[in-house]
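The values are calculated or read from the model by the stated rules, or taken from the named source; none is laboratory data. No experiment lies behind these values; they were computed from the predicted model shown. Positions of Cβ are backbone-derived with ideal geometry, glycine not excepted, and every protein chain shown enters the neighbour counts.
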């Protein structure tokens with residue numbers, strides 16, 4: 001079993017990256033996109049557009065936010081972009097390390 005980190009009361013913690021990540025997740029459409037990418041793996045934006053039922057401009061907006069927050073990878077082949085989940089970032093935001101910052105000892 002993984003040992004949980006001990007956070008000292010006077011230890012400074014930089015929450016800036018968490019703020020950006022939680023803001024990115026605070027939208028139902030982006031959560032739907034994340035779920036689709038989790039189920040389907042690497043997916044063409046053209047397929048996402050149909051599955052999410054969003055115009056290309058709005059889908060691109062949501063993908064940009066998820067990408068900037070580090071939740072997804074992007075690869076461009078010709079005129080199409082392909083997206084997939086960044087498992088390391090998703091696992092870190094769901095990790096015991098983060099939850100322990102908000103649990104009393």
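Structure notes:
- Options 74, 64; residue that is at pLDDT 90 or above, within 17 Å of the chain's Cα centre (by Cα) and assigned to a helix (DSSP H, G or I): 64
- Which listed residue, of 82, 67, is touching a strand residue (DSSP E or B) at 6+ places or on another chain (Cβ under 9 Å), in contact (Cβ under 8 Å) with a residue 40 or more places away in the chain and surrounded by 12 or more Cβ atoms within 10 Å (Cβ to Cβ): 82
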